[in-house]
Structure formats: C-alpha cells, structure tokens
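These notes concern the structure reproduced below.
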Amino acid sequence: MKVLWFSNTPALGTEFLTPEALTGGWLNALNKELQEYVELHMIFYYARYAEKFYYKKTHYYPICKRNWKLQVFKNIIFNTFIDTQDKHIYLSLIKEIQPDIIHIHGTENPFACIIGEVDIPIVISMQGNISVILKKYSSGIEKKFFSINNYNIKNLRSFIFSRPFNVNLKQYKKMQKREERNMLKCSNIIGRTDWDKRISSILSPDRRYFHNDEILRDIFYTEKWIYPPNTGKLILHTTSRNSPYKGFETICESLYELHKANIQNIEWRVAGISESDLIVKVVKKKLKNRYPQNGLVLLGNINETQLIEKLKEAHIYIMTSHIENSPNGLCEAMMLGMPCIATNVGGTPSLLKDGEEGILIQDGDPWSLAGTILELYNNPDKAAEYGKKAREKALIRHDKNKIVNELLDIYKSISSVN
C-alpha cells in the first residue's frame, strides 16, 4: 500500500534535515514504525530550501522556495497566511506520487483543501481544535496583556522574529475559518479521545470516526519512574510551551500560594519554556509581586534524555493547560509511572481516570492545584499507586503493534487496497 502523509513537521525526516535537533515527537515515532509496513511518502512545509529526499524507508517532499530567506522575511513582515494558494503544489505532488490513500495530520493546516479535488480516499487526524482553542486562548491571561511584545532593540533576531500574542490570535481566527470549512467536507476522521469524537460529530456531521492512539518516543518504553529518595525537597515537573493557553500563570500562582502557606523547599521545573520567552514576560506583568521569586526553574528546550532524567527526579508531574486533546507530556509521564495531576479539560479525562490513575482538577485554579500537590506529597504511597495504575493504562494505550495494526486497518477500511 502506498500511503501519502501531509504533515506540519518533517517527522522522522528531521533527523536528515537537522541532525542537531534536540528531540523528536510522536509523529516521528509513528513514521518510524509505519514505514516498515507501507510505502510511505510525506509532504510538509519547510522554511529552508531542500530537495525531496529518501531517508530510512520514507520519501519526503519539502514544500519550500529557493529564495527561502526572502520568503521567511516576507512571512514575518506581512504575517502571511496560507489557505488555498498552494493547492496546485499539493495536487502536483499527489499526481507524481499516485498514493492509494492520503492521510492529513491535523485539521488546522491548509492541506485539507484537496478534499473534493482528488478521487483518492482521504483521512484526517485530529490533533487539537482551533475553534475550542480560541475559546480558551485567554482563559488564564486577559487579552489586555496580549499586546505586550518581547522585542529587544539590541538584538536584531529578537526584533524580527518576536511577535505579541495578539498577532498569533489573529492567525488562529483565520485558521478557525479554514478548519471549519475543511472539516465540514471531511468524510473520514481519526481521533483519540471522547472530546475529539464529540467535536468532530458536530463539525464533520457526515464523517466516519476511527480511534487510533499515539506511539510515544522509544525511550519512554524502556524507562520507569521510582519514587525519589527523601531529601526534604519537593520537586514538581511540567512540560509546556510558550503559549497563553498552556496555563503557565497557574504554575506561578500555585507556587506563590504554596510559599504563602510556608511550603518553601519546592522546585517546580518547567521544560519547554525559557526565561527569555514571551509568556514569562506576560505572566510577570500580570502577576506583579505574586510572580514567584524562587523555586521556579525554567529548563527551556531539552532533549529526551535530559527530559527523562528530570522527570525521574520529580515527585509529581503536573499539567496546567486550559485546553488539550491528548497532551504528549502527560502521556509520557503516565508511561513512566509518575503520579500525575492534570486539568480536567478537553481529552484529558479519556487519558487519566480521576481518583484512580491520578487527579484531575479545574483549570485556572491555583488554590486547588496547590492543595492537590500537598495531598500527593503527604501521601507517597497513594501517589505511587496512582503512578502504577497510570503506567498500566499507558502501556496498553501506547502499544506500538496495536497502534500500527489499527492504523493499517483504518487505511484498508477506507480504501480498496488490501
């Protein structure tokens, strides 16, 4: 079977294009496994110019331009939005590849404009949903803070590439219209949670829904969390990114409340956020003297080996997002067998059962989060039991053979190829 992916990233092709890259992701892992069973081709946007290439049993087709530096500059200055203007490129590549099935990863990207333009079966995987994200974008941070910028007049790169969150918000509004238009035409959707199943039943009323979970990075299948030795320090871990709806302000407010309650010996580590990120500047502006003066450790972008090391040192994994579908950070922590606290948003209740595999809390509630942290820290046996149950569920959910076989069955069920 010849399968064509449209993706937001090069997936495993990142190893070829940028060998120095810090880490991979779930799509890299799926790419690695699936290429053993099908003839896999992948189309993706790439900022720099690169010719199509073949790497580790997959064919990759970067969409890029020879004058890529000028193009990047124009995209930043004019806030370029791609909708249907590159459809001819997609169709030309489809004609060249002649796939048996097309799999588009993400309802939010422009690739779905090919629906109705080709006779080849198409399936789209839901990752998040822009309509809901827009509703939750300013849940924790008021819009009046979105105009704050992170420009450094002394740093040309910072001046060119930094954008305030209100610019991103405008892009999201355009993406919402594109997503809703394309989902309305979509007849086959792959999802992972009750949340995305319900959303797609409304936005894609004529769709067939298929369930298919994610493969995690290899290292998370071989490592295991063990309750850290008692050093008198409470270590918490969150994996996040530079975005308003990920709940960074809740982390800061919860840490502030813990300090107020005289719980001082705490280290809350956040991977994926650096001190120089815009979200830090915005949250400092919002919280003022309630921004924690100590105990907050921003790790920035770290590779998967470093991430595993930090996770295994922590007592609790915490997810503070205001909206998620199936957050990879939470899935990875559960796979390790860590005690987890997560906000009861989007698809997280499909991942973690409250009171059995961890604890779900209301998003944006720093007092409840602080209290839940103490509850688990003061009951290490209970915390360890949650982690054990979480790992048991994750091992089943993220079983590689199960996921690949289910995906192959999905492909076969919507195509005439056996």
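Treating r as the C-beta distance of ASP365 and GLU20 and R0 as 56 Å, the FRET efficiency rounds to 0.90. Summarising the label geometry, the points placed 7 Å from Cα in the beta-carbon direction at GLU375 and SER92 lie 5.8 nm from one another. In terms of other Cβ atoms within 10 Å, HIS398, HIS237, HIS88 run from fewest to most in the order HIS88, HIS398, HIS237. Determine the sum of side-chain charges near PHE111: Lys and Arg each +1, Asp and Glu each -1, restricted to other residues whose C-beta is under 12 angstrom from that of PHE111. Taking every other residue near PHE111 into account, the sum is -3. For the chain, the Cβ-based charge dipole about the Cα centre amounts to some 1580 debye (Lys, Arg positive; Asp, Glu negative; other atoms uncharged). Along the axis of the charge dipole computed for the chain (Cβ charges of +1 for Lys and Arg, -1 for Asp and Glu, origin at the Cα centre), the listed residues GLY128, VAL280, THR348 are led at the positive end by VAL280. On full extension, the segment bounded by ILE82 and LYS65 gains 4.7 nm, given 0.36 nm per residue less the C-alpha separation.
The modelled label-to-label distance for the pair LYS56/ILE396, using points 7 Å beyond Cα in the direction of Cβ, is 3.0 nm. Toward the positive end of the charge dipole of the chain, about the Cα centre and with charges on Cβ (Lys, Arg +1; Asp, Glu -1), which of GLY295, SER138, ILE102 goes farthest? Going by the Cα projections, it comes out as SER138.
If you take the square roots of the eigenvalues of the alpha-carbon gyration tensor of the stretch 1-64 and sort them as a ≥ b ≥ c, do you get rounded (a/c under 1.5), prolate (a/b over b/c) or oblate? Since a/c reaches 1.5 but b/c is at least a/b, the shape of the stretch 1-64 is classed as oblate.
Could you give the Stokes-Einstein D for the stretch 219-397 in µm² per second, using the C-alpha Kirkwood radius, 4 °C, 1.567 mPa s? My calculation gives 81 µm²/s for D.
Positive end of the dipole of the chain, charges at C-beta (+1 Lys, Arg; -1 Asp, Glu), about the Cα centre: which of PHE53, PRO327, LEU234 has its Cα farthest in that direction? Comparing the listed Cα positions along the dipole, PHE53 ranks first. Neighbour counts of other Cβ atoms within 10 Å put ILE148, ILE141 in the fewest-to-most order ILE148, ILE141.
Subtracting the Cα-Cα distance of VAL167 and LYS288 from their residue separation scaled by 0.36 nm leaves 41.2 nm.
The numbers here are math on the coordinates, done by the rules we state, and not lab data. Because the structure is a prediction, the values reported are computed rather than measured. Every residue, glycine among them, receives a Cβ derived from its backbone with ideal geometry; neighbour counts consider all protein chains shown.
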